[in-house]
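Remarks on the structure that follows.
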Amino acid sequence: MEETKTNDTLELKEKIVTEIKTVYDPEIPVDVFELGLIYEINIFPVNNVHVLMTLTSPACPSAESIPGEIELAIKAIPEVNDVTVEVTFDPPYTTDMMSESAKLELGFM
């Protein structure tokens, strides 16, 4: 029974990542997941989701909209019960956190 639970959690996490990848920083043509802005995705009992994320800078003009867009995207998944998106600046964001494809897209490689 435990194995099924683990598979369900992994499957749900994949769906969450897929939804997060639909959210873009309006100033950068790369989704927030590939940018490395998502630090943690935790799924707690009864499919409550907690996302720990950062922004490219504390003065990011999209600071108000991006977390809300992520929350709405995840809430669109039928299996998800509740979503909390927490923003942190520890550790501070650096371009090293980007995926290779994001670095290529933005000319860092």
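The table below lists the values:
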read-out: Distance (nanometres) between label positions extended 7 Å along Cα→Cβ at His50 and Asn81; value: 1.4 nm
read-out: Residue-averaged [θ]222 nm for the chain, counting only DSSP H segments that reach four residues, each worth -39500 (n - 2.57); value: -10500 deg cm²/dmol
read-out: Between 0 and 90°, nearest 10: helix 65-75 axis offset from the chain longest Cα axis; value: 20 degrees
read-out: Hydrodynamic radius by Kirkwood, which averages 1/r over all alpha carbon pairs of the chain, in angstrom; value: 14.5 Å
read-out: Extension gain (nm, one decimal) between Glu27 and Ser65, 0.36 nm per residue minus Cα-Cα; value: 12.4 nm
read-out: Sorted peptide list for 49-56, 37-44, criterion being average Cβ within 10 angstrom, highest first; value: 49-56, 37-44
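Only the coordinates and a few stated rules stand behind these numbers; no lab work does. Keep in mind that what you see is a predicted model, and the values were worked out from it rather than measured. Note: ideal-geometry Cβ built from the backbone for every residue, glycine included; neighbour counts use all protein chains shown.
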